[in-house]
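Okay, so here's the structure we're looking at.
The values are calculated or read from the model by the stated rules, or taken from the named source; none is laboratory data. Worth saying up front: this structure is predicted, and the values here are computed from it rather than measured. Glycine also receives a Cβ, built like all others from the backbone with ideal geometry; neighbour counts cover every protein chain displayed. Ligands, DNA and RNA are excluded from the accessible area calculation, which covers all protein heavy atoms including side chains. Shrake-Rupley method; radii C 1.70, N 1.55, O 1.52, S 1.80 Å.
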Amino acid sequence: MKPIFGRGPSLQLRLFLAVIISVAAIVADSRFGVFTHVRVYLSSLVSPLQYIANAPGTLLDTMSTQVQTRSSLIEQTKQQEQQLLTLRSRLLKLEQLEHENQRLRELLGSPVHKESRKMVAELLSVDSDPFSHQVLINKGALDGVYNGQPVINDQGVVGQVLHVGSTTSRVLLITDSSHGIPVRVLRNDLRAIASGGGELDKLDLRNLPRNTDVQVGDLLVTSGLGGRFPEGYPVATVTRSDYVEGKPFAQVEARPLVALDRLRYLLLLWTDKKPDVNDKDALAPAATAPVAPATSAATAPAAPATSAAGATR
């Protein structure tokens, strides 16, 4: 006679089998990209739910906009008109400098940088994992978004696209611990790699010689090396530059110009050179190659970055 309640495998055995299967799946995905297409399909299936979850916030924003008082709207209009007048005066100077720069490049035989195509995207959600700095936006493969695409806003560089779905995409922020971006100091063209350390307000410039000419307040912009981020976009400002006795490299930290904890609208950039989405090196971990030591501070170059990308998890 069979017992009513049969005994199955023990809980320890089932836990052990679950751990083995999980590790095997992680290794297969990280090494061979087995679940890449599955991830895209799942993202496409979940995207309607993400839009529905974002609907209450959008509705509240719309209602709050509608109930603004007339006096506040008039005051905002005056301030915006003043800002517009100031920006127009700056634009006149920028147009003159742009034409002058183009003429100088033509004289030097240097190629003229073309204006990148841009698309506005809206933030849908933020990753709840405190060790992963990722956000979800409302643009995907149907809009032409591709893996590794640079993302900015009106303040500076935000990050790059990590995963692409049909109608949504996941963006890896520059402060994520797996991300690195080639930069240069605007003051003296010193090259370095700004790596994320897992904090939203800090980037690290690692492996710089202790005599490196980097000062607090220096502006860091994208260097264009690696072919991922266009040259010249602002990234961060240096907040610390000193040398700790006993350590071989300088301690250099920077604060991102973008308030990454208050993102809402982002800009997707299309560059001339798109990385191959099938190329595993295109989404390799952030480059952390050490900088070659220099004999003088003014000529201390950083090792060229082979990739500006963040890593898939």
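Filter the range 126-143 down to the residues that are out of contact with any Ser or Thr (no Cβ under 9 Å at 6 or more places or on another chain) and either of a type in the set (Val, Ile, Thr) or surrounded by 13 or more Cβ atoms within 10 Å (Cβ to Cβ) (or both) and list them by number.
Initial filter on the range 126-143 (out of contact with any Ser or Thr (no Cβ under 9 Å at 6 or more places or on another chain)): 126-130, 134.
126, 127, 134 - these are the residues of the range 126-143 that are out of contact with any Ser or Thr (no Cβ under 9 Å at 6 or more places or on another chain) and either of a type in the set (Val, Ile, Thr) or surrounded by 13 or more Cβ atoms within 10 Å (Cβ to Cβ) (or both).
Is one or more of the residues making up the range 126-144 in contact with a strand residue (DSSP E or B) (Cβ under 8 Å, 6 or more places away or on another chain), within 19 Å of residue 221 (Cα to Cα) and of a type in the set (Val, Ile, Thr)? Scanning the range 126-144, I find no residue that is in contact with a strand residue (DSSP E or B) (Cβ under 8 Å, 6 or more places away or on another chain), within 19 Å of residue 221 (Cα to Cα) and of a type in the set (Val, Ile, Thr), so the answer is no. The residues of the range 244-259 that are buried (at least 21 other Cβ atoms within 10 Å of the Cβ), of a type in the set (A, V, I, L, M) and closer than 16 Å to residue 151 by Cβ amount to a single one, 258.
Here residue 195 meets the list (1) small (Gly, Ala, Ser); (2) in contact (Cβ under 8 Å) with a residue 60 or more places away in the chain; (3) within 14 Å of residue 268 (Cβ to Cβ) almost entirely, failing just condition (3).
Across the range 164-216, what is the total count of residues that are polar (S, T, N, Q) and within 28 Å of residue 143 (Cβ to Cβ)? Step through it out loud before you land on a result.
Narrowing the range 164-216 to residues polar (S, T, N, Q): 166-169, 175, 177-178, 188, 195, 207, 211-212, 215.
Then keep just the ones that are within 28 Å of residue 143 (Cβ to Cβ); that gives 166-169, 175, 178.
Within the range 164-216, residues that are polar (S, T, N, Q) and within 28 Å of residue 143 (Cβ to Cβ) number 6.
Remark: pairs (first residue in the range 202-226, open to solvent by less than 40 Å² (accessible area, probe 1.4 Å); second residue charged (D, E, K, R) and assigned to a loop (DSSP other than H, G, I, E, B); Cβ separation under 8 Å; 6+ apart in sequence or on different chains) = 218/187; 221/231; 222/231; 223/231; 224/231.
Per-residue answers, yes or no, for (1) farther than 21 Å from residue 142 by Cβ; (2) in contact (Cβ under 8 Å) with a residue 40 or more places away in the chain:
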residue: 31; (1), (2): yes, no
residue: 35; (1), (2): yes, no
residue: 53; (1), (2): no, yes
residue: 58; (1), (2): no, no
residue: 69; (1), (2): yes, no
residue: 72; (1), (2): yes, no
residue: 75; (1), (2): yes, no
residue: 83; (1), (2): yes, no
residue: 87; (1), (2): yes, no
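Selection of the range 230-243 for residues being free of Cβ contacts under 8 Å to residues at least 40 places away in the same chain and either open to solvent by 50 Å² or more (accessible area, probe 1.4 Å) or in contact with a His (Cβ under 7 Å, 6 or more places away or on another chain) (or both) yields 239, 240, 242, 243.
Of the residues 184, 170, the single one that is farther than 15 Å from residue 134 by Cα and either open to solvent by 20 Å² or more (accessible area, probe 1.4 Å) or without any contact (Cβ under 8 Å) to a residue 60 or more places away in the chain (or both) is 184. Of all residues in the range 46-55, none are under 30 Å from residue 231 (Cβ atoms) and surrounded by 10 or more Cβ atoms within 10 Å (Cβ to Cβ).
Could you list all residues from the range 64-105 that are charged (D, E, K, R) and open to solvent by 100 Å² or more (accessible area, probe 1.4 Å)?
70, 78, 81, 88, 90, 93, 98, 103
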